[in-house]
Amino acid sequence: MNELQLLALLPFIVLATASIVVILLIAFRQSHTVIQVVGFLMMCMVVFATWYVKDTLPQAIPPLFVVDGQGALFTGMIIFSVLAIGLFSYIYFEDREENPKEYYILLFLGTLGAAILTISQHFISLFIGLELLSVSLYALIAYLRNRNNAVEAGMKYLVLAALTSAFLLFGMALIYMETGNMEFAVIAKKITTTSPTLFIMGLGIMLVAIGFKLALVPFHLWAADVYQGAPSPVTAFIGTVSKIGVFAVLLRFAQTIQLQHYPLAISIFSAIAIASMITGNVLALRQQKLKRLLAYSSIAHFGYLLVAFMPGNSAGTEAAIFYLLAYSITLLSAFGVIILLSTGQGDAEDLSLYQGLIWKRPVVATVLSVALFSLAGIPLTAGFLAKFFVLAAGVQQHMWLPLIVLVVTSVIGLYYYLRIISTMFAAPLPTLASPKTLHPFFYISTYAALIIMTGLLTWLGVFPGIILQGIKTFLLLH
Amino acid sequence: MSLLFYISSIVAILATIMVITRHQPIHALLYLVVSFMAISMIFLSLGAPFSAVLEVIVYAGAIIVLFIFVVMMLNLDKETALQEKKWLQPKVWIGPSILALVLLIEMILLLLEPPSEKMLVTVVTPRQVALSLYGEYIIAVELGGFLLMTGIVGAAHIGKHTKRNLHRFLQNNH
C-alpha cells in the first residue's frame, strides 16, 4: 500500500479511531458530555478528512476497496446523518436509565461498517462491513435492556440478521463457483454467457440479505417491530446510515456487473419494488403509532428508490443519490421531533400525543409538518423533487409498470401523512408540561439542527441545482 | 474419494440437527464438536488439509472449550452436580461417540489408502495463507478486529449486572 492509497483511506482511519478514542475516554471516566462533544468533533474531522482527500480521488486499493467520488458522497451522507443522530442521542439518553457511554462506541463502529460498505468492491469487504453494521445494531437496538420492547426487537433483529447473513454467504459461494473470483470487476469479466444460471441464483439469494437490510417486501417483517422497540436515535440510525451503506454497495455491485443487461434480475427487482411500494403504503394507512408508521413509509420509500436504481444509467444514479439525501434529512428531522417529545417513560409514538401540537409547540410541529410534506412528496419540499427525478430516470428507460405503481401509491401515501398533520392542527388535549432538567445548550443545539434540516429540505426543494451539480462532479471521479 | 465426502456431509447434517434439538446446553455442545469435526473431515476429503486442521484448532479446540468453561462456571451448586450426573447417561454420549467413530474410520481409511488417482487440487500452504492475510487482505484482518471489539462491547453492555447499593429506606422506592 502506497502513501496515496493510505491518504485515500484517511477518513475511514479517522472514523475507526473515533471508537477507540471513546473507549479511552470511558477508561478515564469522562462524563457523557465530554464523550458527546469529542465524538461530535471526531465526526467533523472525518468530514474534513473526506474534503481534504477529495483531490486525490479516485484511488483503488486492490483487492478490497475503491475510494471514488461515489463512495465519498455516500460516506459524507452517512457521516452527516451520524452527526445529527449523535446530537439527538444526548438529550435522549440523559433521561434514560442506562449508562449511555458504550452507546457511542457501538454507534461509531456501526458507522464504520456502513462506511466500509460504500467503498467495497469485493465480497470479503462487503461481508465484513455488513457484519460490523449488524453486530453493532444488535446491541444498539437492545441498548435499553430493561425494556421488554427493546429486548424483543433486538432478539428479532439478531435472529433474522444472522439468518440473512447465512443467505448472503451462500449466494456469494454460488457466484464464486460460477466465476472463481470475489472481486466485482473480475466477476463482471468472467461472465460470458447471457443467462448464467448459477450467477442469477446466487444474486437472488444475496438479495435476501440486501432486501432484509433495506426492509424491502417480502423481507420487511422485522421493520415495524424493530423501529418501534429500538431507542429513537437508533431507529433513526437504522433508517438512514444502515440503509445508505447497504444501498451504496448494492449500487456499486449493480454498476460493475451491469445488472440492467440481465432481464431476469431486473424483473425480480421490479417485482420487489412494486410489492414494497404497495405493501408499505397500504400497511401504513391505519397505523396509529408514529414510529411504526415511519417504518412502513420507509418500506415504501425504498421501493421508490429501487425504481431509480433499476435503469442503471447515470440519471438513475443521480436520482437515487438525491433521493437518499432528501430522505435521510427528512427522516432525521422527523426522528428529531420524536426524540424532543419523548419522555423518560417512553417514546412519543401515539398519534394522540401529537394532537394540537401546533398550538403548544409551534416550532417542533412546523419541523414535523415540513418533514411529513417532504415524505409525501408535496411540491416546494425536497421529497417532491426527489420523486420527480426518480420518475424522470424511469421514463427514460420506459419502465411503465413500476412508474404507474409509484404514482398511484404516492397518492395513497398522501392520506396517512396528511392525517398526522391534521391531527397536529386539531384542538389540543390538556397535558402536563414535561420538566426539563438538562442544560439548555443541548436543547438549543437540537432545535438549531432541526431548523437547519428543515431549511435544507425547503432549499433542496426550491433550488436543487447546486446540490445536483455537486453530485455530478463527485460522480465523475471514478 | 467422493463417498467419504458424502458420508462426512451426512454426519455433519445429523450432528447439527441434534445440536438444535437438544434441551441441555452440554448435550448440544457435544454434538456441536462432532459437527465441527465432520466439517473438518469434509475439508480433508476435498484435499484441503490446512483448512481441516484450522477448523479443528479454532472451532473444536478454542471455541468449544470456551463454551464448556462458561457452562461449567454457570453451574456451581452441589445439586446441579448431582443433576449433571443424572444427565450423563450412556444414551447421552453414545450418539456423539458413534458419529465421531464414523469420522475416525473415515480419516484412517483416507490416510492408509495410497493416492490412487491424481487429484486436481493445488495445496495451499500455511505460508501462502499468512502472506495473503497480512499482505493484500490486511485491512480485512484489521476490520475483523473491529468486528470482535463490537461483539465484546455489545455483549458486555447487554450482559452487565448493575449493582444497586441503596440504603434500605430508599430501596422501597425502587
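The values are calculated or read from the model by the stated rules, or taken from the named source; none is laboratory data. Because the structure is a prediction, the values reported are computed rather than measured. All Cβ positions, even for glycine, are placed from backbone atoms using ideal geometry, and neighbour counts span all protein chains on display.
For this structure, a couple of remarks:
- Of residues in the range A:277-314 being aliphatic (A, V, I, L, M) and not in a helix (DSSP H, G or I), the one modelled with the highest pLDDT: A:Leu285
- For the range A:43-56, the condition holds for at least one residue, the condition being that it is within 30 Å of A:Leu476 (Cβ to Cβ), at pLDDT below 90 and aliphatic (A, V, I, L, M).
- Residue among B:Glu55, B:Glu79 that alone is assigned to a helix (DSSP H, G or I), in contact with a Phe, Trp or Tyr (Cβ under 8 Å, 6 or more places away or on another chain) and of a type in the set (Asp, Glu): B:Glu55
- For first residues located in the range A:109-135 and within 16 Å of A:Ala166 (Cβ to Cβ) and at the interface with another protein chain (Cβ under 7 Å from one of its Cβ atoms), partners that are among the hydroxyl-bearing types (Ser, Thr, Tyr) and in a helix (DSSP H, G or I) and lie 6+ apart or on another chain with Cβ distances below 9 Å form the pairs A:Glu131/A:Ser165; A:Glu131/B:Thr150; A:Val135/B:Thr150.
- Flag if B:Ile20 is loosely packed, with under 15 Cβ neighbours inside 10 Å, closer than 30 Å to B:Val121 by Cα and not assigned by TED's automatic domain parsing to the domain that holds B:Gly159: no
- Tally of residues being within 14 Å of chain B (Cβ to nearest Cβ) and crowded, with 17+ Cβ neighbours inside 10 Å across the range A:54-67: 7
- Residue that is surrounded by the most Cβ atoms within 10 Å (Cβ to Cβ), among those in the range A:68-114 that are among the polar types (S, T, N, Q), within 15 Å of A:Phe40 (Cα to Cα) and under 15 Å from the mean Cα position of the chain (by Cα): A:Thr111
- Flag if B:Ser35 is more than 13 Å from the chain's Cα centre (by Cα) and within 30 Å of B:Leu112 (Cβ to Cβ): no
- Where B:Ile68 falls short, out of the listed (1) more than 14 Å from every other protein chain (Cβ to nearest Cβ); (2) modelled with pLDDT under 90; (3) loosely packed, with under 14 Cβ neighbours inside 10 Å: (3)
- Considering residues of the range A:35-53 that are over 15 Å from A:Phe108 (Cβ atoms) and surrounded by 15 or more Cβ atoms within 10 Å (Cβ to Cβ) only, the residue farthest from the other protein chains (Cβ to nearest Cβ): A:Thr50
- Within the range A:2-34, the set of residues being within 14 Å of another protein chain (Cβ to nearest Cβ) and within 18 Å of A:Glu98 (Cβ to Cβ) comprises A:Val22, A:Ile23, A:Leu25, A:Ile26.
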